[in-house]
Amino acid sequence: MPYGEYAQCPCCGKRAYGEDEIEQEFGYRNMGDGRYIPQSYCRECRSAHCEAGKPCKVKILPAALLLNPN
């Protein structure tokens with residue numbers, strides 16, 4: 001799908017369809033040449049500082065919280 005219609009996070013697999021949902025879940029990146037494209041990683045994974053090639057911190061975070069809720 002072309003930019004603006006679909007985005008999927010390579011880390012957690014979250015998907016968003018349409019400009020409004022992409023803006024909410026991913027945000028857009030200004031390419032500096034008039035193009036705005038969806039961010040590759042969702043907002044949650046960027047906030048958790050997930051890195052390519054490493055386990056997703058967002059996927060494992062809820063289980064970790066269950067083990068130690070404080």
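The values are calculated or read from the model by the stated rules, or taken from the named source; none is laboratory data. A quick note: this is a predicted structure, and the numbers were derived from the prediction, not measured. Every residue, glycine as well, gets a Cβ built from its backbone with ideal geometry; the counts of neighbours run over all protein chains shown. Accessible surface areas use protein heavy atoms only, side chains included; no ligands, DNA or RNA. Shrake-Rupley method; radii C 1.70, N 1.55, O 1.52, S 1.80 Å.
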message = Suppose we filter the range 15-52 for residues that are aromatic (F, W, Y) and touching an Asp or Glu at 6+ places or on another chain (Cβ under 9 Å); how many remain?
response = 2
inquiry  = Contact list please: Cβ distance under 7 Å, first residue in the range 42-59 and without any contact (Cβ under 8 Å) to a residue 40 or more places away in the chain, second residue buried (at least 18 other Cβ atoms within 10 Å of the Cβ) and in a helix (DSSP H, G or I), pairs at least six apart or on different chains.
reply    = C42/E25; R43/E25; E44/V58; C45/V58; A48/V58; C50/V58
note = For the range 1-42 the number of residues that are open to solvent by 80 Å² or more (accessible area, probe 1.4 Å), of a type in the set (F, W, Y) and not in a loop (DSSP other than H, G, I, E, B) is 2
message = Being buried (at least 16 other Cβ atoms within 10 Å of the Cβ) and at pLDDT 95 or above: is that true of C56 here?
response = no
